[in-house]
Every structure is written in structure tokens, then in C-alpha cells.
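Chemist: Dropping a structure here in C-alpha cells format, bear with me for questions.
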Amino acid sequence: MKSESSQPCLPVSRVSGLKPRFILLSVLCILLTATGVHGAGLETVIVPPAGQPAGGHQAIFAVYIHNTGPDAVQVFFPGRATCRFASGGRTAEAPACFAGSRDQVPTELEPGRFFKARYKFTIPRDFAGPVHMTVAPFTAAGVMFAVAESPQPGTVSADITAHPQEDDDPGMESLFSLYQPYMVNFGVYEPVYFLVGTEPEKSKFQVSFKYRLFNPAGSLVKNHAWLQGIHLGFTQTSFWDLKSDSAPFADTSYKPELFFLSSNIKSRPAWMRGFFIQTGFQHESNGRGGELSRSTNFAYFKPGFIFYDPATRYGLQVAPKIWAYIGNDNDTNPDLDDYRGYFELDLKVGRANSLVLGSCFRWACQGASLQLDLSYPVHHFLGDNLDLYFHVQYENALAESLLYYTERNQALRLGFSIVR
């Protein structure tokens with residue numbers, strides 16, 4: 001299950017003793033005490049692609065993790081990694097994907113044991129000769145290997161015959177990525193879905209992404225590893241009235257934020273698959289003016305606990321969240337905290353690549369709020385041909401939208417998601 005996601009809050013004026021200075025100091029303490037993914041005793045070695053692959057062609061490199069310490073150590077191999085290339089003063093990036101079976105990845109290594117993971121990637125087409133490659137998030141030193149020049153169309157080489165599935169003519173996505181090296185810093189964040197209500201006037205959709213600010217292979221991150229956890233995030237949630245003739249939007253919430261997400265913290269029990277800390281500052285507004293304007297700001301703290309069994313692929317995520325309101329608009333939504341509260345609990349349980357149930361419970365002095373999300377991969381019905389989730393959402397909540405924050409909304413929605 002994914003480890004990365006969700007949110008909590010308090011108006012400074014309503015919480016005794018809680019001041020912005022205290023909140024900022026707490027955030028700084030968390031940033032300064034965050035730890036890395038792997039503990040001491042783990043040695044990481046990256047093995048470059050075999051032979052002399054050509055630019056524009058697919059290749060495979062290996063990552064060895066060796067436990068040289070006296071105790072068993074928790075390990076984590078990501079499904080995706082980022083390759084960074086340097087040659088003759090030029091740099092480029094390319095994504096890499098896990099090339100083996102994720103079922104075989106161990107959760108821990110016994111003393112003296114090692115594990116080898118293989119990743120496939122496409123070498124930038126315009127690179128040739130000696131190339132230096134580093135791989136994020138692995139902390140191993142980079143490796144050097146030779147890249148053959150990309151053959152001209154119509155010519156045949158040993159490399160092309162070794163990769164007959166590759167096309168000499170690059171696609172638009174490949175060419176576009178040459179001039180957009182920062183795209184690898186983008187990632188998914190909150191769930192992304194489009195849902196139609198059983199009452200069409202209660203339809204809803206959401207888009208969300210995050211952007212990592214600092215280059216994991218840069219000098220700042222090498223000296224201060226926690227910097228790679230700093231992200232910009234943006235989430236937009238729109239409530240769409242599909243029943244009316246003009247299909248207007250009833251309300252939309254825009255939620256930009258700056259947050260820190262730790263790597264997997266090693267100070268955790270052996271039976272816990274992951275322990276993460278997220279903290280940040282978020283603004284939320286509906287982008288309207290006058291009497292219809294609504295806005296708030298809050299600082300939050302959200303730990304995440306992951307429990308996962310690789311043998312069965314069942315997992316559980318527990319993520320409580322607390323927050324404090326800072327600069328809430330007291331002209332248009334002065335009592336928002338009475339309906340939103342200061343605490344919520346996110347739970348997700350299910351099997352990887354199968355059924356997952358998520359719940360979000362929130363408590364406020366005006367009452368409790370609950371959202372349930374059930375999703376299942378569509379490709380199970382269509383022979384692995386469509387990458388979507390069938391998504392069912394039940395909502396019984398106060399302040400689901402900012403404009404009507406004093407009203408309780410109950411809705412059943414059906415649709416599709418690409419991030420759940």
C-alpha cells in the first residue's frame with residue numbers, strides 16, 4: 001500500500017497556550033530529527049548495465065543491499081527510482097521501474113545476507129561515451145558506464161538486435177522529457193477521482209499532486225538528507241451539480257500547501273512495515289468573493305503507520321492528524337472549527353492490486369463526520385487493459401465544502417479513480 005498521503009488543525013485564539021511560535025518550533029524540531037530509510041550496517045552497491053547499451057534504448061541495472069551489521073535490519077526497495085546522468089557537463093534524468101517480482105522483496109535482511117533488485121530504464125537518446133549515473137533514493141555512490149551512440153535510422157547494430165522491441169523513432173513523451181528534467185519530481189498525492197452522485201447534484205471530483213523541491217542527488221541533500229522530504233502540494237476538490245441544466249459547480253476548494261514528509265523512520269518495531277511523519281502548512285479557499293468567500297489556514301502534524309504482509313499482500317495504514325487554525329477568515333467562516341474540528345483519523349485496509357477500503361473519521365463540537373471509500377482495479381474485469389479503479393464513496397459529513405460548512409451532507413457517489 002502506498003505510504004504517502006492525508007491531514008489535522010486548531011484556531012490559535014481558541015486553544016489555550018498554543019501560539020504560532022510554538023507551532024513553528026515544533027515543525028523545525030521534526031525536520032531536524034527526521035531519519036533515513038536504511039539504518040547503519042546496510043551497504044548499498046549499484047551495478048551498471050551490462051555491455052555497452054545505446055542511447056534511447058532500454059537497459060537494466062542492479063542494486064545490491066548487504067547487511068554487514070550484527071542484527072536483522074528492515075529494508076525497502078521502491079517500485080520506482082530516479083536515474084540522474086552526467087556526461088561532459090550535461091545532465092539528464094530518467095525514471096526507472098522495478099523489473100522483478102515485488103512478491104519476492106524481503107522486509108528485512110538477516111546479518112550477513114544480501115538482496116539484489118533489478119530496475120529497468122531508458123538511457124537518454126542524446127548521451128554517448130562515459131556516463132556517470134546516480135540513483136535516488138539509493139544512497140550508494142554513483143557508477144560509470146559507457147553508452148554507445150544512437151544508431152541512425154535504417155542502420156543495424158548489435159545493440160538494436162538485442163533490443164528488437166525498441167523503436168528508433170522516439171515518441172513525443174520521450175522527446176518532451178529531454179527538455180523537462182524536473183518532471184521526475186512530480187508525484188501523486190491525495191486520491192484522484194471523478195464520482196457521480198446517486199443524486200446527481202452531489203457529484204464530485206478531485207485532482208492532487210505534489211512536487212519535491214530539492215534534487216536528491218544535489219549537494220544540499222547529500223549534506224542534509226532531510227531536505228528531500230520538503231514538498232509543494234496542491235489539491236482541488238470540486239462539487240458539481242450535474243442535475244441543473246447548466247451543470248454549475250456548487251463550490252470548489254483550492255488547497256495549496258508546503259509540507260515535509262519523512263523517509264521511513266528506522267526507530268520502529270520490527271513488525272511495523274513503515275513509520276512516516278508528515279507536517280506542514282496548508283491554505284484552503286473557495287476562490288470566491290464577497291459574501292460567498294470562504295478561506296482558512298492551518299498547520300498540521302500527521303504520523304503514518306504502515307502494516308504490510310508481503311506473503312499475503314494485505315496491508316493496513318493508520319494516519320491520525322491534528323491541526324491548528326492560523327489566520328482563519330473570521331468575517332465569513334468564524335466558527336469553522338466547530339464543524340471541522342481539530343482531529344481526524346484516516347484508515348486504509350486491503351490487499352495490494354485488489355479491494356481497498358478507506359475511511360476518514362473527523363470529530364467536532366457540532367458532531368462527527370465520516371467518509372468511506374471502496375475501490376477495486378477495473379483491469380481485473382477487462383484483461384489488464386484499463387488502468388482505473390472502480391470507486392464507491394459514502395459521505396456523511398459536516399463542512400465537506402467551505403461554502404456550506406454549517407450544513408451536513410449525505411451522499412453516495414459512484415465513479416472511477418486513478419489514485420485511491
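The values are calculated or read from the model by the stated rules, or taken from the named source; none is laboratory data. It should be emphasised that the depicted structure is a prediction, and the values quoted were computed from it without experimental measurement. Ideal geometry is used to build each Cβ from the backbone, glycine not excepted, and the neighbour counts take in all protein chains shown.
Chemist: Given the options Leu386, Leu382, Leu402, Leu414, name the one that is crowded, with 16+ Cβ neighbours inside 10 Å and assigned by TED's automatic domain parsing to the domain that holds Glu190. Give the derivation first.
Modeler: Numbers: Leu386 fails: crowded, with 16+ Cβ neighbours inside 10 Å; Leu382 fails: crowded, with 16+ Cβ neighbours inside 10 Å; Leu414 fails: crowded, with 16+ Cβ neighbours inside 10 Å.
After ruling out the rest, the residue left standing is Leu402.
Table: residues versus (1) crowded, with 20+ Cβ neighbours inside 10 Å; (2) assigned by TED's automatic domain parsing to the domain that holds Ser375; (3) farther than 30 Å from Leu374 by Cα; (4) among the basic types (Lys, Arg).
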site: Leu195; (1), (2), (3), (4): yes, yes, no, no
site: Pro216; (1), (2), (3), (4): yes, yes, yes, no
site: His224; (1), (2), (3), (4): no, yes, yes, no
site: Gly229; (1), (2), (3), (4): yes, yes, no, no
site: Ser238; (1), (2), (3), (4): no, yes, no, no
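Chemist: Among the strands (runs of 3 or more DSSP E) confined wholly to the stretch 43-105, which include 2 or more residues that are under 23 Å from Arg268 (Cβ atoms), in contact (Cβ under 8 Å) with a residue 40 or more places away in the chain and not assigned by TED's automatic domain parsing to the domain that holds Phe186?
Modeler: Qualifying strands (runs of 3 or more DSSP E): 58-67.
Chemist: Applying the selection to the stretch 246-274, what residues are at pLDDT 95 or above and among the aromatic types (Phe, Trp, Tyr)?
Modeler: Across the stretch 246-274, the qualifying residues are Tyr254, Phe259, Phe260.
Chemist: Determine, yes or no, whether Leu220 is more than 15 Å from Gln278 (Cα to Cα), surrounded by fewer than 16 Cβ atoms within 10 Å (Cβ to Cβ) and more than 15 Å from the chain's Cα centre (by Cα).
Modeler: Details: more than 15 Å from Gln278 (Cα to Cα): yes; surrounded by fewer than 16 Cβ atoms within 10 Å (Cβ to Cβ): yes; more than 15 Å from the chain's Cα centre (by Cα): yes.
Criteria met by Leu220.
Chemist: Quick one: Arg313 ticks every box in (1) modelled with pLDDT under 95; (2) out of contact with any helix residue (DSSP H, G or I) (no Cβ under 8 Å at 6 or more places or on another chain) bar one, so which box is it?
Modeler: Arg313 satisfies every listed condition except (2).
Chemist: In addition: Which number in (1) under 27 Å from Ala352 (Cβ atoms); (2) surrounded by 15 or more Cβ atoms within 10 Å (Cβ to Cβ); (3) out of contact with any Lys or Arg (no Cβ under 6 Å at 6 or more places or on another chain) marks the one condition that Ala250 misses?
Modeler: (1)
Chemist: For the structure I just gave you, tell me whether Phe260 is among the aromatic types (Phe, Trp, Tyr) and within 16 Å of Lys204 (Cα to Cα).
Modeler: No, not satisfied.
Chemist: If you don't mind, there's one more thing I want to ask. Which count do you get for residues in the stretch 304-316 that are touching a residue at least 24 places away in the same chain (Cβ under 8 Å) and in a strand (DSSP E or B)?
Modeler: Here the count works out to 8.
Chemist: So how many residues does the stretch 390-420 have that are more than 16 Å from Val378 (Cβ to Cβ) and aromatic (Phe, Trp, Tyr)?
Modeler: 3
Chemist: Looking at (1) closer than 23 Å to Ser208 by Cα; (2) in contact (Cβ under 8 Å) with a residue 24 or more places away in the chain, which is the one condition that is false for Val392?
Modeler: In the conditions (1) closer than 23 Å to Ser208 by Cα; (2) in contact (Cβ under 8 Å) with a residue 24 or more places away in the chain, Val392 misses (2) alone.
The rows are residues; the columns are (1) touching a residue at least 24 places away in the same chain (Cβ under 8 Å); (2) within 22 Å of Phe214 (Cβ to Cβ); (3) among the β-branched types (Val, Ile, Thr).
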| residue | (1), (2), (3) |
| --- | --- |
| Ala247 | no, no, no |
| Gln278 | yes, yes, no |
| Glu284 | yes, no, no |
| Arg288 | yes, no, no |
| Leu292 | yes, no, no |
| Ala299 | yes, yes, no |
| Lys302 | yes, yes, no |
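Chemist: Go through the stretch 55-78 residue by residue and tally those that are over 11 Å from Arg113 (Cα atoms) and touching a Lys or Arg at 6+ places or on another chain (Cβ under 8 Å).
Modeler: 9
Chemist: Considering only residues of the stretch 317-326 that are among the aliphatic types (A, V, I, L, M) and in contact (Cβ under 8 Å) with a residue 40 or more places away in the chain, which is surrounded by the most Cβ atoms within 10 Å (Cβ to Cβ)?
Modeler: Filtering the stretch 317-326 for residues that are among the aliphatic types (A, V, I, L, M) and in contact (Cβ under 8 Å) with a residue 40 or more places away in the chain, the one surrounded by the most Cβ atoms within 10 Å (Cβ to Cβ) comes out as Ala324.
Chemist: Sort through Ala54, Ala59 and tell me the only one that's over 27 Å from Phe186 (Cβ atoms), hydrophobic (A, V, I, L, M, F, W, C), at pLDDT 85 or above and crowded, with 20+ Cβ neighbours inside 10 Å.
Modeler: Of Ala54, Ala59, the one residue that is over 27 Å from Phe186 (Cβ atoms), hydrophobic (A, V, I, L, M, F, W, C), at pLDDT 85 or above and crowded, with 20+ Cβ neighbours inside 10 Å is Ala54.
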